[in-house]
1. Quickly estimate the mean residue ellipticity at 222 nm for the chain, helices only: each DSSP H run with n ≥ 4 gives -39500 (n - 2.57), and the total goes over all residues, rounded to 500.
2. About its Cα centre, what dipole magnitude does the chain give when the only charges are +1 on Lys and Arg Cβ and -1 on Asp and Glu Cβ, stated in debye to the nearest 20?
3. Between VAL61 and LYS212, what is the spin-label point distance in nm, taking each point 7 Å from the Cα along the Cα→C-beta axis?
4. Please list the helices of the chain that count as membrane-span-like by this rule: a mean Kyte-Doolittle hydropathy of at least -0.5 together with Cα atoms stretching 20 Å or more along the helix axis, each helix being a complete DSSP H run.
5. Restricted to Cα positions, what overall size does segment 66-166 have along the principal axes? Three whole-Å values, descending.
6. Counting alpha carbon pairs within less than 8 Å and at least 6 residues apart, what relative contact order, in whole percent, applies to the chain?
7. For a quick protection proxy, order the peptides 97-105, 138-146, 61-69 by their average other-Cβ count within 10 Å, most packed first.
8. How many percent of the alpha carbon pairs in the chain exceed a separation of 33 Å?
Amino acid sequence: MSFDLPFLWRIAEALSVGLQTTIVLSALAIILSAVWAVPLVIGLLAPSRWLRGVVISYIEVVRNTPVLVQMFFIFFGSGSLGYPLSGFTTGLLAMVLQNGAYMAEIYRGGIQSVPVRQSEAGLAIGFTPARAFRLVVLPQALRKVIPPLSNQGVLIIKDTSLVATISVAEITFHARMMADRTAAVFEIFMVLAVLYIVLTAIFSGAMRLVEKQLRIR
């Protein structure tokens, strides 16, 4: 099988129209998911059984329903309520709600993996509980959560392709439009796959650098 490299390059240039949308959506979804996970993990570790139950119920619901179903629910549900959301906002909200739940569990696993004796040692030398957590537990937990957070970020980047179903003009949307207009379906989606590989490779590489820096400290 031979490939027309100039033709493949023209496809890549055409798909790049939606690349900025994919990058912005991915970045916002990763950052906001990481932020949303913070109050969730606080609820998971809270002494209040009622609060823990609410957070656990939320996490179970969003983790056990497909993000695409959640996108449709938010997209059409907001319209039915008279406050229609854009496709971009809908996709971002659905991904943050779901991935924030996954990241909260990652945070919890990282925090609970630090031996209790570590925080007890901090308290023994006069640290307050908050300071012991910040200076003793948190640095160790961060080193442990970077690899799973990196994996979750890759999943988010790939899931941005789903917003094409609600007419968000990212790269998968443009690929589908091009495929409908041409017979070069294989070439188009091959280039699309390469673009996703490049995006996820760049993100994974950046996360490995962060992990390396945390280990040095």
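We did not get these values from a lab; they are worked out from the coordinates using the rules stated. All figures in this text were calculated on a predicted structure; none of them were measured in a lab. A quick note on method: Cβ atoms are made from the backbone with ideal geometry, for glycine too, and the neighbour counts reach across all protein chains shown.
1. It comes out at -26500 deg cm²/dmol, rounded to the nearest 500.
2. For the chain, the charge dipole is close to 980 debye.
3. Each label point is offset 7 Å from its Cα along the Cβ direction, giving 4.3 nm.
4. Taking the DSSP H segments of the chain (at least 20 Å long, mean hydropathy at least -0.5), we get 19-44, 49-63, 87-112, 138-159, 185-216.
5. Dimensions of segment 66-166 along the principal axes of its Cα atoms: 57, 27, 16 Å.
6. Relative contact order comes out at 29 percent.
7. Highest to lowest by the protection proxy: 97-105, 138-146, 61-69.
8. In whole percent, the long-distance tail amounts to 30.
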